[in-house]
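> Submitted below is the structure of interest, expressed as structure tokens.
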Amino acid sequence: MSVCETCGVTFDPKSFNVPRGGRVSVTITADRRDGFDGPIDVELRDLPPGLTATPGRIPAGADTTVLMLAAADDASFERQTASQRSMFSKELRVAGVASLKLVGRAAIDGITVTHEAEMTDPIGVIALAPAPDLVITTTAQQIEVSAGQEVTLTVNVERHNGFTGRVPISVMNLPHGVRVNDIGLNGVMITEQETTRTVHIVVEPWVQAQSQPILVVGRVEVNSPLRDESAALPVQLVIRKAATTASRGR
């Protein structure tokens, strides 16, 4: 494999907490150069024991995708040390946290090339947090819909640690031409009195047949730079080609 100079990748947030027994989202962004517009496969490698992450793909013509990062109930960073480069180019070693190793792969002119976030890139440091304040789940792991139609997905929330507030919901990783309908002024919201909400996902008629994992994320509204969120397990969205007039009449 060659090193990819046209498909650099970074992620956001750069530094964050993962609750033990919880799941969070990580947004991956492509730094496309020299006109490269093809798909980029991305993954987090060499994760510490107790952490798992989904791989993902930045589609052709797009700049982002979202991965899910999860920590086991008994995950521990007690023996972990993260190495970071300071603004003075000196290596700093920080105990009790971990660094993420992000790798992107793409095929350019028939050759598979890779890009790994280097220490000079804005790579992240993650820490473990106590059990999450909320747990987001969905009622399906796969949903199917034809182009030009809509499909529903029910989202459930469990509140913990005394949290009783409302929960904004985001549906991430939707393909181009796919949207959540009827989101209102505040987006999709599970109010303080609710524990579930059904979202309507609409697919435009021109969207091509494809299959892509989407991620449903709920958030605790806090006045802090550190986010407090929960991601459900990925849901596979299967889009079939639009039905023809003849097939509709059968």
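Any read-out appearing in this document is the output of simple, stated calculations on the displayed coordinates, not a laboratory observation. What you see is a predicted model, and the numbers here were worked out from it, not measured in a lab. As a convention, Cβ positions derive from the backbone with ideal geometry for all residues, glycine included, and neighbour counts pool all protein chains shown.
> By per-residue mean of other Cβ atoms within 10 Å, what is the highest-first order of 237-244, 186-193, 175-182?
Details: 237-244: 16.1, 186-193: 13.1, 175-182: 14.6.
In decreasing order of mean packing, 237-244, 186-193, 175-182 become 237-244, 175-182, 186-193.
> Over the chain, what relative contact order in percent results from Cα pairs under 8 Å that are six or more residues apart?
Details: 633 pairs, mean separation 50.2, N = 250.
Relative CO of the chain lands at 20 percent.
> Given charges of +1 on the Cβ of Lys and Arg and -1 on the Cβ of Asp and Glu, with all other atoms neutral, how large is the dipole of the chain about its Cα centre, in debye to the nearest 20?
On the way: 23 positive and 28 negative charges, 61 e Å.
The dipole magnitude comes to about 300 debye.
> Follow-up. Percent relative contact order of segment 134-250, based on C-alpha pairs within less than 8 angstrom and at least six residues apart? Don't jump to the answer; show the numbers that get you there.
Details: 263 pairs, mean separation 43.0, N = 117.
Relative contact order, segment 134-250: 37 percent.
> With each label point set 7 Å from Cα along the Cα-Cβ vector, what nm distance links T191 and V238?
Roughly 3.6 nm, to one decimal.
> Still on this model: Please report, in whole Å, how far the alpha carbons of the chain spread along each principal axis, starting with the longest.
69, 55, 30
> Here is a further query. So which GluC sites (Glu not before Pro) in segment 27-109 pass both tests, a DSSP loop state and at most 16 other Cβ atoms within 10 Å of the Cβ?
Details: sites: E43, E78, E91; in loops: E78.
Those satisfying the criteria are E78.
> Order the peptides 65-77, 220-232 from the highest to the lowest mean number of other Cβ atoms within 10 Å of their residues. Working shown, then result.
On the way: 65-77: 18.8, 220-232: 15.2.
Descending packing order for the listed peptides: 65-77, 220-232.
> Picking from A242, G8, T27, whose Cα lies most toward the positive end of the charge dipole for the chain (charges on Cβ: Lys, Arg +1; Asp, Glu -1)?
A242
> Let me ask something else about it. Specify which residue in the list Q149, N186, A106 is farthest towards the positive end of the charge dipole of the chain, using unit charges on the beta carbon of Lys, Arg (+1) and Asp, Glu (-1), about the Cα centre.
Farthest towards the positive end: Q149.
> Taking +1 at the Cβ of each Lys and Arg and -1 at the Cβ of each Asp and Glu, which of G38, V94, A209 sits farthest along the dipole of the chain towards its positive end, judged by Cα position relative to the Cα centre?
In the chain, that residue is A209.
> Right, next: How much length is gained if the chain between T114 and S224 is pulled fully straight, taking 0.36 nm per residue apart and subtracting their Cα-Cα distance, in nm to one decimal? Kindly include the intermediate steps, with their values, before the conclusion.
On the way: separation 110, 0.36 × 110 = 39.60 nm, distance 3.54 nm.
Once the chain is fully extended between T114 and S224, it gains 36.1 nm.
> List the relative contact order of segment 175-240 as a percent without decimals, with contacts defined as Cα pairs under 8 Å and 6+ residues apart.
Result for segment 175-240 is 30 percent.
> Would you work out the charge dipole size for segment 13-70 about its Cα centre, treating the Cβ of every Lys and Arg as +1 and the Cβ of every Asp and Glu as -1, and quote it to the nearest 20 debye? Let's see the in-between values first.
On the way: 7 positive and 7 negative charges, 64 e Å.
I would put it at about 300 debye.
> Report the equivalent ellipsoid semi-axes for segment 1-71 in whole Å, largest first, defined as the square roots of five times the eigenvalues of the gyration tensor built from alpha carbon atoms. Display every interim value, and only then the final one.
Values: eigenvalues 128, 29, 20 Å².
Output for segment 1-71: semi-axes of 25, 12, 10 Å.
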